[in-house]
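Before any comments, here is the structure.
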Amino acid sequence: MDFKQIQELIKIINKSNIGEISVEEKDFKITIKQKEDQVHTVVAAPAPVQVLPAAPAPVETAARPAPAPAPAPKSDNLITIKSPMIGTFYRKSSPDKPNFVEAGDEVNPGKVVCIIEAMKLFNEIESEVSGKIVKILVEDASPVEYDQPLFLVEP
């Protein structure tokens, strides 16, 4: 489900008398609740974690800016934490707080690694793997797409 489909779904809910709707697809789940003329969206999607394949990685990174190809040679043993949604990527909870993780930090399943803001909601993205953060692939406060690689983790 893409961002435009989510927006259309919210518009339909606003115009109807439906109080709540949940939609589930492969690794994506969205629940939209309507309360007192307000719409609250709760997006809960596990951060997809995959080992980058050796062959497709150079093709994918060839279309990106110069910094992206750097991790490709080491990708056979690294796990990628990808964005489960479209939004704005933040490395810390507020400007005066420290970053959730830095390169070299150890992470375990359940540890918050970043926040993605989508439609005025701040969604904490948790690691689903144990390992060491090797590289942070996205700049703070930059937009991210669904399934975009955010972190490389060495198991």
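Counting only strands (runs of 3 or more DSSP E) that fall entirely inside the range 94-155 and contain at least 1 residues that are under 27 Å from LYS33 (Cα atoms) and of a type outside the set (Lys, Arg), the qualifying elements are 112-118, 121-126, 142-144. Residues of the range 136-147 that are more than 14 Å from TYR90 (Cβ to Cβ) and buried (at least 18 other Cβ atoms within 10 Å of the Cβ): LEU137 alone. For the range 103-146, which residues satisfy the criterion of being among the basic types (Lys, Arg) and farther than 22 Å from LYS4 by Cβ? Across the range 103-146, the qualifying residues are LYS111, LYS132, LYS135. Scanning the range 100-135 for residues that are surrounded by 15 or more Cβ atoms within 10 Å (Cβ to Cβ) and of a type in the set (S, T, N, Q), we see that the one that is nearest to the chain's Cα centre (by Cα) is ASN123.
Read-outs throughout are calculated quantities, based only on the coordinates presented, and are distinct from any laboratory measurement. As the structure is a computational prediction, the values presented were derived from the model and not from experiment. Because the Cβ atoms are built from the backbone with ideal geometry, glycine has one as well, and the counts that use them run over all protein chains shown.
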